[in-house]
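Scroll down for the structure; my scribbles are underneath it.
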Amino acid sequence: MVRKTLIAGNWKMNGHIEDGVAHAKGVALEVKKAARKDCEVLICPPFTLLMAAKKAIKGSKVQLGAQDCHFDLKGAHTGDISPLMLKDLGCQYVIVGHSERRTDHGETNELIAKKAYSAIEAGLKVIICIGETEKERDENKTIEVCTAQIMGSVPSNSTAQNTVIAYEPVWAIGTGKTPTAEDVEEVHASIRKVIAKKLGRANANKMRILYGGSMKPSNAKELLALEDVDGGLIGGASLKVADFTAIIESSKQ
Ligand code: 13P
């Protein structure tokens, strides 16, 4: 089963116009030069940089995504951004359910499913994030937690074409710690089984499952080579053009 690798950079709350534009241009330039041609590359800058980043990557294959959206397509929601607005702006993707939003904003699986449903309706692809905390891992609840998060936050209109799952163990985000390759493969394989239960075997076989959490040039090759790892969602290392492109170059064909 060939699934097209996706390497996505989540810039989180980083970047102002000038350095953000320079960074997006740098990524576009390096991706053009990269030997690894047949993988999808995505950058997800903060809302304030989306328009400028769109101009900066114009003409390159780098795609644009946002880090969150509201579940309504329009209306009285002060401070929120709708998926239709993101589509209008030129985004192809939106991340939903990142653990930082689950923690900082108390987002539940139910809310995340509503956001993802509506983003898909608006014509966006969604990256739905899941992952266990350190405590849950220590209690051997990783598979149980990830299963519940998939069952609860993947919406009914999800298909392999419009949905990507990102497995991001919370304890691995920004810490420099990663699970072993065996652990990552075990969780990814179990995610695919749960997707099969929820959306059917055909969708499960084709759906991309990314790994995220302290992915960097030194560990990317091993993680991205795993059978059920179809790309990466990269935080810190996506803020350095050289590191981000090194990860792209080490992804499997
Ligand atoms: P780091 O790569 O900085 O650990 O962040 C991962 C992440 O949260 C991507 O969404």
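The values are calculated or read from the model by the stated rules, or taken from the named source; none is laboratory data. Quantities reported herein were computed from a predicted structural model and do not represent experimental measurements. Every residue, glycine among them, receives a Cβ derived from its backbone with ideal geometry; neighbour counts consider all protein chains shown. To get the accessible areas, we keep the full protein, side chains included, count just its heavy atoms, and leave off ligands, DNA and RNA. Shrake-Rupley method; radii C 1.70, N 1.55, O 1.52, S 1.80 Å.
Can you tell me the alpha carbon radius of gyration of the chain divided by the globular rule-of-thumb value 2.2 N^0.38 Å?
That ratio works out to 0.93.
Pairwise over distinct Cα atoms, reciprocal of the mean inverse distance: report the Kirkwood radius of region 1-137 in Å, one decimal place.
On the way: mean 1/r = 0.0634 Å⁻¹.
One decimal place: 15.8 Å for the Kirkwood radius.
Restricting things to Cα coordinates, could you compute the convex hull volume per residue of region 181-253 in Å³?
With only Cα atoms used, region 181-253 gives 82 Å³ per residue.
What full-extension length gain, to one decimal in nm, is calculated for THR180 and LYS58 as 0.36 nm per residue of separation minus the Cα-Cα distance?
My answer for the length gained is 40.2 nm.
What number, in percent, do you get for the relative contact order of region 1-77 if the mean sequence gap of Cα pairs under 8 Å and at least 6 apart is divided by its residue count?
The value is 37 percent.
Where does the charge balance sit around ARG192 when Lys and Arg score +1, Asp and Glu -1, over other residues with C-beta under 12 Å from its C-beta? Please report the intermediate quantities before stating the final value.
Values: positive: ARG3, LYS193, LYS197, LYS198, ARG201, LYS206, ARG208; negative: GLU185, GLU186, GLU227, ASP228, ASP230.
Within the 12 Å Cβ shell, the charges total +2.
When only Cα pairs under 8 Å and 6 or more residues apart are kept, what is the percent relative contact order across region 42-96?
38
Can you work out the FRET efficiency for the pair HIS77 and GLU144, with r the C-beta to C-beta distance and R0 = 25 Å, to the nearest 0.05?
My answer for the efficiency is 0.15.
Probe radius 1.4 Å, ligands and nucleic acids ignored: give me the carbon and sulfur share of the accessible area of the chain as a rounded percent.
Values: 6170 of 11350 Å².
The value for the chain is 54 percent carbon and sulfur by accessible area.
Which of the peptides 192-198, 123-129 is most tightly packed, and how do the rest follow, going by the mean number of other Cβ atoms within 10 Å of each residue? If you can, show how the numbers build up before the last one.
Values: 192-198: 17.6, 123-129: 23.9.
Final packing ranking: 123-129, 192-198.
So what is the accessible area of the chain per residue, in Å², with the probe set to 1.4 Å?
For the chain, the solvent-accessible area averages 45 Å² per residue.
So for the chain, averaging the separation of alpha carbon pairs under 8 Å that are six or more residues apart and normalising by length, what relative contact order in percent results?
Values: 525 pairs, mean separation 54.3, N = 253.
Dividing the mean separation by the residue count of the chain yields 21 percent.
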